[in-house]
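*Asks:* One structure, pasted below without further comment.
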Amino acid sequence: MSKMDESPEFIRNIVDSLREKELDYKGGDHIYDSLANKSLVAVLGPTGSGKSTTSDEVIRRDDEIALIDTTTTRSRRPEDPVGFKTDVSYAEFNDAVANANLVNYNVIGQHVYGTYQSGFTRELNIGPVMSRSIDALMGAGFRRFDVAYMVTDGQTYEQRLRQERQHFSDFKARIIEGQRSLNFAEDNIDNNWMHAVESSPLAGGLQKAASKIIAITRAHSGEFMLDSHALHYIDDMRMALKRVAADL
């Protein structure tokens with residue numbers, strides 16, 4: 001069945017079912033065995049924090065690092081990377097989850113996003129990830145797993161959110177996911193696998209953030225943000241998120 005043949009009721013039933021299974025999902029051993037010689041830096045942050053832009057800059061600067069190839073039910077956007085597979089049928093996702101063929105997946109609004117083992121194409125991999133996938137990815141058997149959490153000041157973040165609101169029909173769902181993401185960051189910032197990275201609007205900010213993520217990916221030592229500084233940013237971003245959400 002193609003996506004065009006799927007009725008609204010069929011889609012709604014699958015989305016509801018996949019949402020219920022999402023947090024407890026675990027891929028099959030046949031997937032995880034293939035990831036043992038690969039590393040992953042999951043780039044986290046609420047919507048508008050700079051995950052995709054910074055990830056794109058990382059792979060532009062270091063051609064040995066690959067961006068995760070994501071699969072989704074939503075339609076293609078001009079900014080989507082080459083390996084981003086769109087317009088996948090809901091039936092395909094349902095079968096992939098039933099057969100434990102995905103490494104991880106998430107439901108946002110009425111769309112599903114996921115990654116097959118083939119989506120991790122090199123030894124060094126990075127890419128935007130949602131906080132709800134961290135447990136699945138941590139248990140996926142990667143040789144090394146780290147999180148780069150994107151933070152910025154509250155004023156900058158509020159401006160970005162108001163810009164994003166104009167472009168995403170699922171913005172309310174993204175706001176909810178953003179709140180979860182910030183809670184996750186606050187609860188886990190003191191873990192040695194979590195590194196806060198500033199997404200600054202100032203000149204050179206993007207390049208500096210990309211350099212930090214490259215250092216994390218290559219397990220290089222360096223100066224990283226103090227937990228107390230990161231928590232200040234997280235609080236600022238949470239307040240910005242609330243201000244924007246109040247206008248919806």
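Read the figures in this text as sums done on the coordinates, not as results from a lab. Computed from a predicted model, the values in this text were never measured in an experiment. Don't worry about glycine lacking a Cβ; one is built from the backbone with ideal geometry, like all the others, and counts go over all protein chains shown.
*Asks:* Check the straight Cα-Cα distances from Lys21 and name the aspartates and glutamates below 16 Å, setting aside those fewer than 8 residues away within the same chain.
*Replies:* Once the sequence-local aspartates and glutamates are set aside, what remains near Lys21 is Glu92, Asp95, Asp135.
*Asks:* Can you compute the charge dipole magnitude of segment 139-248 about its Cα centre, using +1 on each Lys and Arg Cβ and -1 on each Asp and Glu Cβ, nothing else charged? Give it in debye, rounded to the nearest 20.
*Replies:* Numbers: 14 positive and 15 negative charges, 82 e Å.
The calculated dipole for segment 139-248 is roughly 400 debye.
*Asks:* Any of Lys51/Lys212; Lys172/Lys212; Lys3/Lys242; Lys3/Lys38 with alpha carbons more than 24 Å apart? Name them for me. Don't skip to the end; give the middle numbers.
*Replies:* Working: Lys51/Lys212 13 Å; Lys172/Lys212 31 Å; Lys3/Lys242 35 Å; Lys3/Lys38 33 Å.
Pairs exceeding 24 Å: Lys172/Lys212; Lys3/Lys242; Lys3/Lys38.
*Asks:* Kindly list the residues of segment 44-75 that lie in the label zone of Arg122, defined by a backbone N under 16 Å from the point 7 Å along the Cα-to-C-beta vector.
*Replies:* Taking a point 7 Å out along Cα→Cβ of Arg122, the residues of segment 44-75 whose backbone N falls under 16 Å are 54-70.
*Asks:* Quick one: order His167, His232, His111 by neighbouring beta-carbon count within 10 Å, fewest to most.
*Replies:* The most exposed by this proxy come first: His167, His232, His111.
*Asks:* If the only charges are +1 at each Lys and Arg Cβ and -1 at each Asp and Glu Cβ, what is the size of the charge dipole of segment 108-161 around the Cα centre, to the nearest 20 debye? If you can, show how the numbers build up before the last one.
*Replies:* Details: 5 positive and 5 negative charges, 41 e Å.
Here the size comes out at about 200 debye.
*Asks:* Taking the simple approach of a point 7 Å from Cα along Cα-to-Cβ for both Gln207 and Asp80, what is their distance in nm?
*Replies:* Distance between the two pseudo-spin positions: 3.2 nm.
*Asks:* Then there's this: Placing +1 on the Cβ of each Lys and Arg and -1 on the Cβ of each Asp and Glu in segment 1-151, which of Ala96, Ile65, Thr53 has its Cα farthest towards the positive end of the resulting dipole?
*Replies:* With unit charges placed on the Cβ atoms, the residue in question is Thr53.
*Asks:* Within 10 Å of each residue's Cβ, count the other Cβ atoms and sort Lys85, Lys242 from fewest upward.
*Replies:* Listing Lys85, Lys242 from fewest to most nearby Cβ atoms yields Lys242, Lys85.
*Asks:* Something else now. Can you work out the FRET efficiency for the pair Gln155 and Leu248, with r the C-beta to C-beta distance and R0 = 22 Å, to the nearest 0.05? Provide the component values of the computation, followed by the final result.
*Replies:* Working: r = 19 Å, r/R0 = 0.88.
Once rounded, the FRET efficiency stands at 0.70.
*Asks:* Test of understanding: what is the full-extension gain from Asp29 to Met138, defined as 0.36 nm times their sequence separation minus their Cα-Cα distance? Show your work: numbers first, answer last.
*Replies:* Working: separation 109, 0.36 × 109 = 39.24 nm, distance 1.39 nm.
Contour length minus Cα-Cα distance gives 37.8 nm.
*Asks:* Bin width 5 Å, alpha-carbon pairs only: give the P(r) of segment 90-248 as whole percents, running from 0 to the bin holding the largest distance.
*Replies:* 1, 8, 16, 19, 20, 18, 12, 6, 2, 0
*Asks:* For His229, His195, what's the fewest-to-most ordering of other Cβ within 10 Å of each Cβ? Intermediate values should be presented prior to the final figure.
*Replies:* Numbers: His229 13, His195 20.
Result, fewest neighbours first: His229, His195.
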